[in-house]
Amino acid sequence: MKVIVRPTAAEAGAEAARRVAGLLADGTHPHLGVATGDSPLPLYAELARLVASGLDLSAVHAHALDEYVGLPAADPRSYHWFVRHHIAVPLGLDPAHVHVPEGAAPDPHAAADRHEARLRAVGGVQVQILGIGGNGHIGFNEPGSAIGSTTRVVDLTADTIAANQRFFTDGTPVPRQAVTQGVATILSARHLVLVASGEGKARAVRDALHGPVTPDCPASYLQTHPDATLYLDPAAASLLEALVPVPA
Ligand code: GLP
């Protein structure tokens, strides 16, 4: 795994965005895997700036990592909403090219199968953007997830439910399940770009990079991928062993 540390989360995200843009530039495999959460927001902001300056992503298909089970797509806490407002609209994507697991479908297991089939049909994405949970999860692959797992319905851990509680202060129950791309699905991307910032991610980042490859830290599976890069701010990198500096 390669590690790039920049002085701020904004700069780390901007650098990650330039890499993503470069990987999509020749248009030969216009499939981008997108993550939700706060961590990739600076990345999307920089991509939007590049689009405003002429980068054309209109042929790109966006494939989301995950979605809550049972939350309607119109709910502002749904990942459908996040992908539309933070990614599809600012990046000028064709709405017909935006694919988010249908977590609110009557049969979420069938929705998971459709998402997996769509990703397989294109041979995996060119580049997958990832965040990381404080417990080392990627997408919603919680600790215990197998390296061979594919897109499926998962139960969220108590930690994750507690972390999400802050978004559900109006009495709506916090979702307890999600549809997530599996670990094998994520690893089928040609390139992986993970962004993390803040000291709350430092332990998970350290375990992902320096720990054993183990289901206890699903992000550690990135060690098995031929091209995974972590873009970090100094706080997220604070528990890492000495790094070889990468020039700005
Ligand atoms: C959720 C998402 C993950 C994301 C994680 C961290 O659990 N399913 O894909 O990486 O949150 O979110 P944040 O970047 O807001 O810390």
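Laboratory data are not the source of any read-out in this text; all were calculated from the coordinates shown. Being a predicted model, the structure only gives us computed values, none of them experimental. Backbone-built Cβ (ideal geometry, glycine too); neighbour counts: all protein chains shown.
Between the stretch 1-36 and the stretch 107-164, what is the C-alpha centre distance in whole Å? Distance between centres, Cα-based: 20 Å.
Looking at the chain alone, DSSP beta bridges between its own residues are antiparallel in about 30 percent of cases. Considering the convex hull of the alpha carbon atoms of the stretch 37-118, report its projected area averaged over all viewing directions, in nm², one decimal. Answer in nm², one decimal: 5.4. Averaging the sequence gap over all C-alpha pairs within less than 8 Å and six or more residues apart, then dividing by the number of residues, gives the chain a relative contact order of 26 percent. Taking other C-beta atoms within 10 angstrom as a stand-in for reagent exposure, GLU199, GLU11, GLU241, GLU142 fall in the order GLU241, GLU199, GLU11, GLU142, fewest first. When you restrict to C-alpha pairs under 8 Å that are six or more residues apart and normalise by the size of the stretch 134-248, the relative contact order lands at 32 percent.
Separation of the stretch 71-91 from the stretch 172-191 is 16 Å, based on Cα centroids.
When each of ILE161, ILE4, ILE132 is scored by the number of other beta-carbon atoms lying within 10 Å, the sequence from fewest to most is ILE161, ILE4, ILE132. The calculated FRET efficiency for THR172 paired with ASP113, based on their beta-carbon distance and R0 = 41 Å, is about 0.90. With both labels modelled 7 Å from their Cα along Cα-to-Cβ, the HIS85 to ARG190 distance reads 3.3 nm. The relative contact order of the stretch 44-98 comes to 45 percent, based on Cα pairs under 8 Å that sit 6 or more residues apart.
Which whole-number percent of Cα pairs in the chain have a distance greater than 32 Å?
Here the tail beyond 32 Å accounts for 14 percent of pairs.
Ranked from largest, the principal axis spans of the Cα set of the stretch 101-210 equal 39, 37, 21 Å. Peptide packing: for 164-174, 182-192, 118-128, the average count of neighbouring Cβ atoms within 10 Å per residue gives the ranking 182-192, 118-128, 164-174, highest mean first.
Here the Gaussian network model covers the chain, with springs between Cα atoms less than 10 Å apart; of PRO106, PRO40, PRO143, PRO106 fluctuates the most.
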